[in-house]
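Structure first, commentary second.
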Amino acid sequence: MRFSILPIALLATTVVADGASILAAMAKISSDTSKLNATISNFHGGLIGLGESIPILIQSTTLLHDINQGTKTATASAELTFDETIQVAGATADLVKGVQSSLQTIVDTKPEFDQLLVISPVILINLEQQKAATDKFSKAVVAKLPEQFRAIAESITAPIDVAFDDAIAKYKKFF
Ligand SMILES: *[C@@H]1O[C@H](CO)[C@@H](O)[C@H](O)[C@H]1NC(C)=O
């Protein structure tokens, strides 16, 4: 009977998420962001645009889902090691740039979304949901960093909030 404790203990350690699963979650969020960005930057407007809004909504929903999954992964994770922290910091800096550039695309495309009336309000709701989800994800990841890195990590992710706030403010203007 005693022997059965060991495999269970091993199983428990493999179930706990770690830096690699947080990095995988970030890679997924980053790829969702790029796909959504590409779809939005190819938006044509007009009647074709109405059809094009469907993949935008689907990709937006996928992104939101994957951010929320990332939060679950980070919440379940043990505290990251120093090496994992460095890797996560690097991935975060890249993700921040990707999010900033995608939000810029969303802002640039607003005039075309506005022409179809129904799209911009939906984008606004998505942006608000994604901002809230991203905040939770950042907090969940930062909480798993060794204490001395948390303040720096918060300053790395801060520009995301600024970019979201800016995009949300622009999307609120018309209505
Ligand atoms: C978003 O799309 C723009 C315009 O096509 C492009 O310049 C930018 O690199 C893209 N950003 C990402 C994160 O894919």
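The values are calculated or read from the model by the stated rules, or taken from the named source; none is laboratory data. What you are looking at is a predicted structure, and each value in this text was computed from that prediction instead of being measured. Here the Cβ positions follow ideal geometry from the backbone for every residue, glycine too, while neighbour counts run over all protein chains shown. SASA here: full protein model, heavy atoms, side chains in, ligands and nucleic acids out. Shrake-Rupley method; radii C 1.70, N 1.55, O 1.52, S 1.80 Å.
Once both labels are modelled 7 Å past Cα along the beta-carbon direction, what's the residue 97-residue 173 spacing in nm?
Computed distance between label sites residue 97 and residue 173 equals 2.8 nm.
Given H placed 1.01 Å from N in the peptide plane, which residues other than close sequence neighbours of residue 80 have an amide H under 5 Å from its amide H?
145
Send over a whole-number figure in Å² for the accessible area per residue of the chain, probe 1.4 Å.
Here the residues of the chain average 56 Å² of exposed surface.
According to a simple spin-label model (label point 7 Å from Cα along Cα-to-Cβ), what is the distance in nm between residue 44 and residue 155?
Once both label points are built, they end up 4.8 nm from each other.
Hey, with R₀ at 22 Å, roughly what FRET efficiency would residue 61 and residue 34 work out to, going by the Cβ-Cβ distance, to 0.05?
Efficiency computed from Cβ-Cβ geometry: 0.85.
Would you compute, from DSSP H runs of 4+ residues alone, the mean residue ellipticity of the chain at 222 nm, taking -39500 (n - 2.57) per run and dividing by the full residue count, rounded to the nearest 500?
The helix contribution divided over the chain gives -29500 deg cm²/dmol.
Working from the alpha-carbon coordinates of the chain, get Rg over Rh, Rh being the Kirkwood radius.
Reported Rg/Rh, Kirkwood definition of Rh: 1.09.
In whole percent, how big is the carbon plus sulfur part of the accessible area of the chain, probe 1.4 Å, protein atoms only? Before the final figure, lay out the partial values.
Numbers: 6580 of 9860 Å².
Accessible surface attributable to carbon and sulfur in the chain totals 67 percent.
Could you tally up the Lys pairs in the chain with alpha carbons closer than 20 Å? Skip any pair fewer than 8 positions apart unless they're on separate chains.
Counting lysine pairs in the chain gives 26.
Cα centroids of the range 43-71 and the range 133-155: how far apart, whole angstrom?
The range 43-71 and the range 133-155 have Cα centres separated by 27 Å.
Test of understanding: what is the full-extension gain from residue 125 to residue 105, defined as 0.36 nm times their sequence separation minus their Cα-Cα distance?
Between residue 125 and residue 105, full extension yields 5.5 nm more.
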